[in-house]
Every structure is written in structure tokens, then in C-alpha cells.
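Engineer: Just dropping this structure here.
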Amino acid sequence: MTMEGCNCSETKVYKICNGVRKFLSDKRNQLIILLSVLFLVKLPQESPRFSLWVLGGIFIAASSDFIIKRFLFHQRVKPRSAIISGFIVAGIIDYHQSWYFLFIFSLLAIISKNIVRYKERHIFNPANFALFTATLFKIPLTWNIESNIYLIIALGIYIAYPAD
């Protein structure tokens with residue numbers, strides 16, 4: 001019935017709270033949540049192509065990161081950084097463009113992250129590298145994900161200055 005002064009339901013709640021706390025302690029997870037909220041706020045205002053575009057960019061980036069790390073470097077990976085790169089690339093390249101642009105530049109972001117390295121670290125921010133390359137080819141770039149300034153400031157401050 002009790003385990004060290006706690007009943008089983010309290011122990012489960014404690015484990016869940018610790019799991020959530022651990023999950024939220026990673027800045028990448030916080031940024032994924034922020035981008036997801038901004039995406040969900042924008043979703044009702046856009047066409048279905050927008051949601052497929054952003055989800056496609058995330059899928060392309062995450063799956064290519066998984067494939068590259070698993071089969072080239074024999075590493076296990078949780079593609080959180082790739083999800084962020086996919087969000088950013090898909091959120092900035094105009095979603096009215098052809099799908100192959102999304103595929104090429106999401107893949108390019110992940111390739112630059114995994115291949116273009118110096119002393120075991122990637123040299124460029126992957127999403128910025130892909131978007132810079134897109135500008136060289138005159139691909140239209142616009143920020144398509146919601147830009148609610150109050151939400152961005154509040155969550156940005158929380159991410160930058162966490163309460164300990």
C-alpha cells in the first residue's frame with residue numbers, strides 16, 4: 001500500500017513531474033514547444049498546404065538526421081535539433097513554392113550539420129546555412145509561422161532566463 005511513506009499514486013505523480021521537469025530542462029524541447037505553439041496559433045489562418053509544408057519540413061529534417069547519424073555514424077539520435085531546423089526552414093521558405101525546395105533545403109540543413117564540421121562541432125547554424133543558400137538561388141523567404149510578439153517575448157524570456 002505504501003512505499004517509503006508514499007502511496008503508489010503519489011509515486012507515479014512524482015515520477016511524471018520529474019519526467020516533465022527533465023523534459024523542460026532541455027532548451028531544445030522548450031524551443032520546439034514555442035515553435036509548435038506559434039505554428040498552432042497560425043494554423044486556422046492558413047490553407048492546409050501550410051500545415052503539410054511545415055510538418056513535411058520537420059519530417060524531412062528529422063528523418064534525414066536519423067538516417068545520417070544511424071547509418072553513417074552508427075549513433076542513436078533524438079533529432080530535437082533537426083526538428084527545430086525543419087521548423088525554421090519550413091517556416092521561412094515560402095510555402096507556395098514547389099515541394100522539392102522544401103526537401104532540398106531541409107536536407108541541406110541537416111547535411112551541413114552532420115558533414116560540415118570542425119573539431120567534432122558543426123560550423124554553421126544548420127537552418128541559417130540552408131536559408132542563406134536558398135537566398136543565393138533567389139528562393140522567396142518569408143516568416144510564415146505566427147509572430148505574436150507578446151507570446152514570443154514571454155516565452156523567449158522564459159527560455160533565456162529560466163527560474164532555478
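Engineer: Run the helix sum for the chain: -39,500 (n - 2.57) per DSSP H stretch of 4+ residues, divided by residue count, reported at 222 nm to the nearest 500 deg cm²/dmol.
Structural biologist: Result for the chain: -21000 deg cm²/dmol, rounded to the nearest 500.
Engineer: Less than 11 Å Cβ to Cβ from A82, Lys/Arg counted +1 and Asp/Glu -1: what total charge do the surrounding residues give?
Structural biologist: +4
Engineer: Identify all lysines with a Cα-Cα distance to K138 below 29 Å; exclude those on the same chain that are fewer than 8 residues away in sequence.
Structural biologist: In chain and number order, the partners are K42, K113.
Engineer: Between I58, I88, I104, where does the largest GNM mean-square fluctuation fall for the chain, given springs only between Cα atoms within less than 10 Å?
Structural biologist: Judging by the Gaussian network model, the answer is I104.
Engineer: For segment 54-158, restrict the atom set to alpha-carbon positions and state the Rg and Dmax in Å.
Structural biologist: 14.2, 42
Engineer: Then there is this: By the scheme Lys and Arg +1, Asp and Glu -1, what is the net charge of all other residues having a beta-carbon under 15 Å from that of I123?
Structural biologist: +3
Engineer: Further question on the same structure: Straight-line reach from K119: which lysines have a Cα under 30 Å away, not including same-chain ones fewer than 8 places off?
Structural biologist: Qualifying lysines at Cα under 30 Å: K22, K27, K69, K78.
Read the figures in this text as sums done on the coordinates, not as results from a lab. Since we're looking at a predicted model, the values are computed, not measured. All Cβ positions, even for glycine, are placed from backbone atoms using ideal geometry, and neighbour counts span all protein chains on display.
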